Structure formats: structure tokens, C-alpha cells
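Quick notes on the structure that follows.
The values are calculated or read from the model by the stated rules, or taken from the named source; none is laboratory data. Computed from a predicted structure; not experimentally measured. Because the Cβ atoms are built from the backbone with ideal geometry, glycine has one as well, and the counts that use them run over all protein chains shown.
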Amino acid sequence: MSNYRAHVLVCCGTGCTSSNSHIIMENFSKFVAEKGLEKEIDVVKTGCFGLCAEGPIVVIYPEGTMYYRCTPEDVEEIVNEHLVKGRKVERLLKTGNPDSNPTDFYSKQMRIALRNCGRINPDKIEEYIAHDGYQALCKIFSTKRDPAEIISEIKESGLRGRGGGGFPTGMKWDFAAKVQNDTKYVCCNADEGDPGAFMDRSILEGDPHTIIEAMTIAGYCIGAHQGYVYVRAEYPIAVERLSAAIDQAREHGFIGQNIFNSGFDFDLDIRLGAGAFVCGEETALMRSIEGKRGNPTPRPPFPAVKGLFGKPTILNNVETYANIPVILNKGAKWFASVGTEKSKGTKVFALGGKVNNVGLLEIPMGTTVREIVFDIGGGIPDGKKFKAVQTGGPSGGCIPASLLDTAIDYDNLVAVGSMMGSGGMIVMDEDTCMVDIAKFFLEFTVDESCGKCAPCRIGTKRMYEILTRITDGTGTLDDLQALEDVAVSLKNGSLCALGQTAANPILSTMKHFRDEYVEHVVDKKCRCGVCKDLLQYSIIKDSCIGCGMCSKVCPADAITRTDYIAPGKKLAAFEIDPSKCVKCGACMETCKFKAIVKK
Amino acid sequence: MSIIKLTPEEQATKLEAVLSKYKGQGQKALMSTLQQAQEIYGYLPLPVQRKVADALDVSVANVYGVISFYSFFSLKPKGEYAFNVCLGTACYVKGSQALLDKIEESLGIKSGDVTEDTKFSISSCRCVGACGLAPVLLVNDDVYGRLTPDEIPAIIAKYKEEANV
Ligand SMILES: Cc1cc2nc3c(=O)[nH]c(=O)nc-3n(C[C@H](O)[C@H](O)[C@H](O)COP(=O)(O)O)c2cc1C
Ligand code: FES
């Protein structure tokens, strides 16, 4: 790599590819070749840089110049100015959102799982190898390391599952290793069901080999010879890169028969999901790999004893695996020195919603929510007020402003009524209605409940109906009590965690934003103007010139003239009778003077 | 970009190839077979389900059970231009519901339906992983990000022109 005087890194993660970064890549190759610079300048396709909202992103080394929101048309100028004349293209140095600040975005991060994302070309195994890739695997075989010893190192590192539950990874491997069976399986959960999260996708797209290396190590530790990566069908780029990476690893002898002449065999296959959230749950995922409906099955028996095809199986999340090679290379002690007492290492979050720096970030455990939202995330756009952060997706909860100083780790997040989840983190501002958000998640769980157990199938539906009543203005205070009652039955009675946690979004919003619920049922008001049935149209009398257009288009005769003449106006203003208004919005569309508002 | 239309004969030959690859493998090959069959036909009509069941030696009821469980499998054909609005949390918070409402209004059909001339269909999904661009709309493989409802009519007009309607 050192023969090149400059490297142009083009992000080809999903966000940037959606904005044509693959064409940007092609154009770079084209213009670099046109200038005859192909021996001096290397154009590299990489995974996600993290700051997705400002994509497509192009980074030029050795300076490390970052260009934001590039278009295919910008490429010629970058080549001519930056690469030929050595002058930066100032116009692309600024982010599209003036409030976003990339320096702050990166300064508090620490990258372990994302170490290679945006740094290497995911299509080239050589680049992974050049960044210590397959070193951990190679060392295991060259030193003939005992599997039990590796497992105890993982245990010592304190690594806990990043898929949501936070179960200690070393312990899980230990269980499966101790069960006697000739056939065992290693599975990777890349179903990433939490809507609004894209951590696992970015790792698979940006650094697929790390998953292959880690799963092979896991296979060696528990005595498995076959692995499956279960990827959701919505991730075609991830699937493509992962399968190319698996082929390369096989060609290089890192997986397959007799790896490093050790006599150990291990191979990997990809299985595609088909759009069922519950298939992220471990037992459902295994049924799905078996080709069946993804219904969860009761535990015990745990997968470590009886999992995929009835054989002992371990399942870990993508991000969990991405930590394994680093732990083995740098040592358990080093890893355990990062983070808090009970949550070691880092966590990747997909920060989204109403925040300036939308993107992918990785922080040491113990970082506060405030640091993420306001320092890394750069605060709330358009000068709006922060309301809450949602973590844990449909199983999680909302963290209000009063708890912004909560230090992120598994136990703290549960204590404030949310959970770590897989890493989705959605910021909400004053315009987000918390009842509507609870309803949004419930609609999701109603859709996704597999229907096998009654508490979940019926309970989520009943709760959704109650929330619909509350948001359409027919709810009562008794409904709030009913929500809490159903929630308890769900928690205690459901077969899997989908149902057990389905009420969390409601319970946490009711706990922290009860006043909004009460406002919906008692005052029939939605302060954010989100719940359409509760909206009321009204006329700002001082803006009304009295033309009467609104009154003419009103199908319900709800608009009449008053006696009030606004200062500077000639005719008396109109007003809307809320009891007659049918909320069609025709008046507001007609008024040319912006005198009609919806609140 | 529109979906490349295969002739019925081409579809049948391609399906045969897929079925012979998985023949006799039973349940464990069912998902992969269905995924590839749907790629060929765009959806999974009953005759295709029957053929899959025969080839894998599982019951048609079983095949139907799997199809109806997973939202990715479709029993109805999609439009030539499939509008798919992301209703994942990141997009929802940024107003993707309003996008969906506007598209329904402009095309005159509801989410889940296809226009009579089978040119357009609307559906929603939960996160395509491009949350940085929220709110996101997919039209077949084209991705539109950071959209507002005002931009919808122009997008629809563009595809209508392409589709000659
Ligand atoms: C309804 C439901 C959905 C889940 N979805 C995911 C998911 O999308 N990705 C994931 O890694 N884990 C998911 N999990 C957690 C898995 O069941 C399992 O605990 C995890 O994959 C284990 O890996 P880990 O120990 O490395 O976290 C889900 C759990 C439930 C109950
Ligand atoms: S929530 Fe829409 S792309 Fe992720």
C-alpha cells in the first residue's frame, strides 16, 4: 500500500450507496486514470465512516481530509483540485447541516467493534490481514491453544452479548463446550430486528472477515464444524460482501478443511431471514434456519444443549463476535480495563431521529446519555428542545431529560426503565408525541407477534386498541389503569421475550410522561399536534383579514364572522366553532394569510 | 428502474433450475427455495407453491404456513414500480408516516395494494438500514432520503412518465 502517495476512501455503506457512492467510486477511478495517476493514487471502497447523515463521505489520506455530501459531479473537481493541485475543495469541507460538528462526533468515541469500518476495503482479505486480521485465529493454531483456556480468557474479559440480553459470552461458550456431541453449531445473529438500527449491518458491510474469524474461533472452542450467519433479507449489500468474504477465507484456508494444518474443520453458510422480527429471538431464529415458521420454543432446553437441528448450538450477535479477535489479540485484561464494573468494553449505537449528527458511533461503556446526544450527537436540530431518547427498540423504553446523566451500561439502562438493546438510539424532541410513539411500537409488536402464545397475541392487540382510543380522543382514565394491568399479564405470561418486553415502551412513557397521557384522555389534547383526531383548528384573529374564503369552503358551516377587527385590517375576523368542525383542513389550505393554525 | 420482466417460459425454466438444485432436501431448504422462487416471479402464487412442495417433498400446507409467516413472502404481485416507505423508528420520528399518506393520496391506493393497471404498488417496511437519510422511500431499488411530502408528486410524476401512464 505504501507505493501510493494518496488514498481516496469512498464510503460504500448502505446510507452512502443509497446516495450514489458507487458512482462516485467509479468516477474517481475514471478521473484518476484520465490524469494518469492510477499508480500514485489508490481509490478504495470502504465501509461506514459513521456520520451517515452527511454522506456520501469521501476521505483522502494522508491528510485525512473528509468531504461531505459529495455527488458524482463533484469528483472531477476533487481530483483536479485536491489530488492534482493539492488544494482542498473548501465547499465540500462543510457539512450540509450547519449544526453538525464532525470533530465532536469522533472525539469521544472508542472503536473496537468498528475498528476496521471505514478504514479497510471489505472486499479485500489482504487489507483485513494487514490490520491484524486472522492473527488471533492463526495464533490459536500455531500455539495449539487449549479451547478451555480461550473460553476462560473470554470470560475474564467480561464480554457480554451485544444483541440485547447481555448474557456473558464466555459462559455461553462454556456451556456448549461441556455438552458432549459430535455435531454442534455456531450461529451468528445478524437479523437486526430493531427498526432504526444499523450497527450489525455496518459491521458486515465494512468488516465481514472479523465475523468469520470470530465464528471460526467459537467453533474451535465448543467443537463445532459448521456455522450459520442469519442475515435479514433487507440487507443485500451485507449479504453480498459477507459471501464474497467467506469465499476468500475459504481460498486462503482460514475456514474449510484442516485449517492451518490443525486437523480442525469449520465452514460457514449464510441463511437469509424473510422479514419476521421474532426471528431475532434465538429459538425462533433456529427454527427459521431449519426452514420452518419462526415460532419460539420454550427454554429449557437451552440452545447450548438442544439448539439448531436438535444439536448443541451457540448464538451470538454480530457485534459480540466483532470483539472476539481484539480480546484475544490485546488480552482480556486490556478489554476489561475499558468500561464499567459490570459492563466491559464498548457499545456501538446507531444514533438517529432528531439529532444533528445522525450516524454510527462506538463509545466506552459508562459514557452518559448526555454525552452521546449533545457532544457526539451535536444536540437537537432547529433549536428544538430535547424530550427523550429511546433505546432497546420495541422492547426498550424512553429516557427523559431528567435522566440524561445516566451512564450507559446494561444494568443502569434497565434501572431507568429502558434496556441496552442491540444499539438503536432514537432521539426525540418536543414535537414527538410520547403516546404516539408508544402506539408506534405497539403496532410493531402486534404485527410481529408470532401468535403462538395467547398473552402476547391477545395482550398486544388489546393494548394497541387502548392506545388507539387514547390517541383518537375516546380514551378514559380507566384505560390507563387497564394498560398497566395488561402489561403485567404480558410480562408474566408470554413465551418469549418479545411478549415479555412488549409493554416496556408503554410503561416507560407512562412513567416519565404521564402528563401527556392524561392530557390526551382528559383535555383531549395532543400538545405536539401529532394525534390528528385531537387537533383543533383555530384562526389567529390578528392575522385574519376577514376575506371569508375559509367560511366559504367549510363543508360544516363551522366558520363564522366575529365583531373583532384586527389592527390595520378592514373587515372583522372569523372564528371556528370546534364543536362543528370536522377537521377536514380545507380552511387552512384555502387561507392565503396563514391565519389558520392546527394545534 | 423497473423490474425486468421474464416471459412465463423463462420463469418456468428458471424455477426448474432452482427446484432441481434443492430437490428432495426437505424442510431445511424451504426458505432458500421460496426466496429464489419469489425472485423469479415477484410473488408466490399457488401453482409455484405446489411445485416447491413437490420438489422438496413437504406438504403444500407447510409451504403456505411458512409463506404466510414471513412478511417478505408475498401472495400478491407487486406493481411494476413498488413504492416502499420505511416506517422504522428513525424514519417514523422524522415524519415518514406523512410521506406514506401523501403517496397513498397521490396514487389513490392504500398501502398493501396495487393500482389497477399493475404499474404501481405501495408498501411499508421497518428499516432498510439507511437511517442516516431518514425519512426514506424506496422505489424498486432507487433510494430517496431526507424527503418531505412536498417532493412526492415530482417523484411520482417521474415514474409515471417512465411507465407511460
Ligand atoms: C423478539 C426478539 C428479537 C431479537 N432480535 C435480535 C436481533 O435482531 N439481533 C440480535 O443480535 N439479537 C436479538 N435478540 C436477542 C437474541 O435472542 C439473543 O439473545 C442474542 O442474539 C444472543 O447473542 P448475544 O449473547 O451475543 O447478544 C432478540 C430477542 C428477542 C426476544
Ligand atoms: S428507520 Fe428508516 S432506514 Fe432505518
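Do you know which of the residues in region A:426-467 that are of a type in the set (A, V, I, L, M) and within 15 Å of ligand 1 (Cβ to nearest atom) is nearest to B:Tyr92 (Cα to Cα)? Don't jump to the end; show me each part of the working.
Step one: of region A:426-467, the residues of a type in the set (A, V, I, L, M) are A:426-428, A:434-435, A:437-438, A:442, A:446, A:454, A:458, A:463, A:466-467.
Still in the list and also within 15 Å of ligand 1 (Cβ to nearest atom): A:442, A:446.
Values: A:Leu442: 14, A:Val446: 17 Å.
The selected residue is A:Leu442.
Checking A:Val389, A:Val326, A:Val338 one by one, the residue that is under 22 Å from B:Gly132 (Cα atoms), touching a residue at least 24 places away in the same chain (Cβ under 8 Å) and of a type outside the set (Gly, Ala, Ser) is A:Val389 and no other. When the residues of region B:95-118 are filtered to those that are within 14 Å of ligand 2 (Cβ to nearest atom) and in contact with a strand residue (DSSP E or B) (Cβ under 7 Å, 6 or more places away or on another chain), the one that is nearest to the other protein chains (Cβ to nearest Cβ) is B:Ser96.
Could you tell me how many of the residues in region A:192-223 are modelled with pLDDT of 95 or more and not in a helix (DSSP H, G or I)? Selection size over region A:192-223: 2.
Any residue at all in region A:68-79 that is of a type in the set (S, T, N, Q) and modelled with pLDDT of 95 or more?
So in region A:68-79, the residues of a type in the set (S, T, N, Q) come out as A:71.
Then keep just the ones that are modelled with pLDDT of 95 or more; that gives none.
Checking region A:68-79: not a single residue is of a type in the set (S, T, N, Q) and modelled with pLDDT of 95 or more.
Among the residues of region A:449-458, is there at least one that is among the hydroxyl-bearing types (Ser, Thr, Tyr), away from chain B (no Cβ under 14 Å) and more than 23 Å from A:Gly377 (Cα to Cα)? Looking for residues that are among the hydroxyl-bearing types (Ser, Thr, Tyr), away from chain B (no Cβ under 14 Å) and more than 23 Å from A:Gly377 (Cα to Cα), one finds none in region A:449-458, hence no. Per this entry, B:Val93 is counted among residues that are among the hydrophobic types (A, V, I, L, M, F, W, C) and over 18 Å from the mean Cα position of the chain (by Cα). Of everything in region B:41-52, what is in a helix (DSSP H, G or I) and away from chain A (no Cβ under 13 Å)? Give them in sequence order. Matches in region B:41-52: B:Tyr41, B:Leu46, B:Pro47, B:Val48, B:Gln49, B:Arg50, B:Lys51. On inspection, A:Gly499 passes the criterion of being more than 14 Å from chain B (Cβ to nearest Cβ), buried (at least 21 other Cβ atoms within 10 Å of the Cβ) and not acidic (Asp, Glu).
Going through region A:400-425 one residue at a time, which ones are more than 20 Å from A:Ala497 (Cβ to Cβ) and among the hydrophobic types (A, V, I, L, M, F, W, C)?
Taking region A:400-425 and keeping what is more than 20 Å from A:Ala497 (Cβ to Cβ), we get A:400-408.
Result: A:Ala401, A:Leu403, A:Leu404, A:Ala407, A:Ile408.
The set of residues in region B:50-89 being within 16 Å of ligand 2 (Cβ to nearest atom), touching a residue at least 12 places away in the same chain (Cβ under 8 Å) and among the polar types (S, T, N, Q) consists of B:Asn84, B:Thr89. Does A:Ala350 satisfy being within 16 Å of A:Gly118 (Cβ to Cβ) and assigned to a helix (DSSP H, G or I)? Answer is no for this residue.
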